[in-house]
Amino acid sequence: MYISAFHLMPHRELPDDFEKRYPSIWVTPQFHELADARRIGQFYNWTFDELIHAAKAGADGICTNEHHQNAYGFMPNPNVMGSVLARETNGMDCAIVQMGATLPATQPPVRIAEEYAMLDCISGGRLVAGMPLGTSMDINLCYGITPIEQRDRYREAHDLIVKAWTSREVFAWNGKYFQLPMVNVWPRTIQQPYPPVWIPGSGSTSTFYYTADHDYCYCFLSYFGYQSALNAVDKYWAVCQERKRDANPYRLGFLQLVGVSETDEQAERDYAKHVEYFYHKMLHVPPEWFGIPGHQDYKSLVNAMRNPVAARAIMTLKEKRFKDFQKDRYVVCGSPATVRDQLKDLAARLRVGNLMVLLHIGSMPHELTLKNMDLFFREVAPALRPTWDDQWENRWWPAALRKKTPQEAIA
């Protein structure tokens, strides 16, 4: 198993009555009422320190992501973050996992091809290229992309980026949404023909098919725990079988909130209020904003209407407390032994090879985050890493950082 540290870079100090005073964590919060730019600068620098600490502690990868006009996670350009991380982790066996720059909102998309190539060069060939569709809040509400166009724009942007990386000739691009007279990107990626591609998603059926058809890694980004993800993940593996893809567990990534402490009781004392802060404030979004009409294609809409688990989960978040989130595995939290057992269960039941762990949760202070990372990578991660390595190779990881192939492990 390959284990990456994920970070949202949220506002850590929202007032207790935030969700009563503001209709949403996205778009509507007033920055000057809730934040100070100098303090936000401290949050950014803590985020750098925490991800670099995770790399030093033994993370296989460190993850950034893109969101806009919100207090849930404000990395409006993950590649700015990634450039610092790529430079600071040179010499470490740690991938730069950009989860990543949103394709439909970047004009023109070749900017992503250029910036990702920069990161691959700076890091010495350690980039994982995430290509997210983007949330409805970010792309439709904040950046004004017409919802019904979002997926078409995404697919055209993807094709343009891949051609920009692989073409040896200058070419013109005359697409439906993007027109460029001359494309000849500098620099090019060290990894050839291009870095491994991961497609983040939250259970959309069409994304399952798109990912399987292109032989990419699908990354399920869910905050509702691995038990609630079973149905969607089973459908993903069924799509892989339908498209005649092998059952390599590394073609699936999964994001899980994790808190580790000395004992189960100490874990509750350490993390309970931060977990509740995350679910009560960070996910304070009107449910209708998650699926603005047109954002989902027909297949995904049908699937959501027939199995509205996520909608029900969102509607009941504020009724839940730490023990509810723990019981339902929204968060895996406890002693090293408890966390090890639950994450082994996660890996087996979902068939996950690329695990992403959110080790900074909500309002967690800097020192507690470092403690969580140290305990996780010292006491938990070593027991998880052998899970699939004797059977499968991670073909969705930078080649220079891959562990032993199954044949080498057997030998």
If we ask which residues in segment 147-181 are over 16 Å from Ile112 (Cα atoms) and either under 26 Å from the mean Cα position of the chain (by Cα) or aliphatic (A, V, I, L, M) (or both), their number turns out to be 8
Within segment 367-409, residues being in contact with an Asp or Glu (Cβ under 7 Å, 6 or more places away or on another chain), surrounded by fewer than 17 Cβ atoms within 10 Å (Cβ to Cβ) and either among the β-branched types (Val, Ile, Thr) or at pLDDT 95 or above (or both) number 1
Quick check on segment 186-203: of everything there that is part of a loop (DSSP other than H, G, I, E, B) and closer than 15 Å to His158 by Cβ, which residue is nearest to the chain's Cα centre (by Cα)?
Pro196
When segment 115-158 is checked residue by residue, the ones that are surrounded by fewer than 24 Cβ atoms within 10 Å (Cβ to Cβ), of a type in the set (Gly, Ala, Ser) and not in a helix (DSSP H, G or I) are Gly124, Gly125, Gly144
Residue that is hydroxyl-bearing (Ser, Thr, Tyr) and touching a Leu at 6+ places or on another chain (Cβ under 6 Å), where the choices are Tyr236, Tyr226:
Tyr226
Check on Ala71, surrounded by 21 or more Cβ atoms within 10 Å (Cβ to Cβ), touching a His at 6+ places or on another chain (Cβ under 9 Å) and touching a residue at least 12 places away in the same chain (Cβ under 8 Å)
yes
Quick check: anything in segment 26-43 crowded, with 21+ Cβ neighbours inside 10 Å and touching a strand residue (DSSP E or B) at 6+ places or on another chain (Cβ under 8 Å)?
yes
Condition (residue is among the small types (Gly, Ala, Ser), in a loop (DSSP other than H, G, I, E, B) and touching a residue at least 12 places away in the same chain (Cβ under 8 Å)) applied to segment 87-95: is it met by at least one residue?
no
Taking segment 21-51 only, how many residues are free of Cβ contacts under 8 Å to residues at least 24 places away in the same chain and assigned to a loop (DSSP other than H, G, I, E, B)?
3
Does segment 353-360 include one or more residues that are modelled with pLDDT under 95, surrounded by 15 or more Cβ atoms within 10 Å (Cβ to Cβ) and under 26 Å from Asp270 (Cβ atoms)?
no
Residue within segment 245-263 that is part of a helix (DSSP H, G or I) and farther than 23 Å from Thr387 by Cβ present
no
Any residue at all in segment 165-176 that's in a loop (DSSP other than H, G, I, E, B), basic (Lys, Arg) and touching an Asp or Glu at 6+ places or on another chain (Cβ under 7 Å)?
yes
Among (1) of a type in the set (A, V, I, L, M); (2) touching a helix residue (DSSP H, G or I) at 6+ places or on another chain (Cβ under 9 Å); (3) in contact (Cβ under 8 Å) with a residue 60 or more places away in the chain, Ile148 falls short only on (2)
Counting only residues in segment 324-344 that are surrounded by fewer than 18 Cβ atoms within 10 Å (Cβ to Cβ) and free of Cβ contacts under 8 Å to residues at least 24 places away in the same chain, the one farthest from Ile3 (Cα to Cα) is identified as Asp324
The condition from (1) farther than 15 Å from Phe6 by Cβ; (2) modelled with pLDDT under 95 that Ser222 misses is numbered (1)
So, of the residues in segment 281-293 that are within 15 Å of Asp138 (Cβ to Cβ) and out of contact with any Leu (no Cβ under 8 Å at 6 or more places or on another chain), which turns out to be modelled with the highest pLDDT?
Val285
Answer with yes or no whether Val239 is surrounded by 15 or more Cβ atoms within 10 Å (Cβ to Cβ) and either closer than 22 Å to Leu283 by Cα or at pLDDT below 95 (or both).
no
Name every residue in segment 242-267 that is among the small types (Gly, Ala, Ser) and surrounded by fewer than 18 Cβ atoms within 10 Å (Cβ to Cβ), in order of residue number.
Ala247
Does Tyr223 qualify as being within 22 Å of Lys244 (Cβ to Cβ), touching a residue at least 40 places away in the same chain (Cβ under 8 Å) and not polar (S, T, N, Q)?
no
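The values are calculated or read from the model by the stated rules, or taken from the named source; none is laboratory data. Quick caveat: nothing in here was measured; it's all calculated off a predicted structure. Note: ideal-geometry Cβ built from the backbone for every residue, glycine included; neighbour counts use all protein chains shown.
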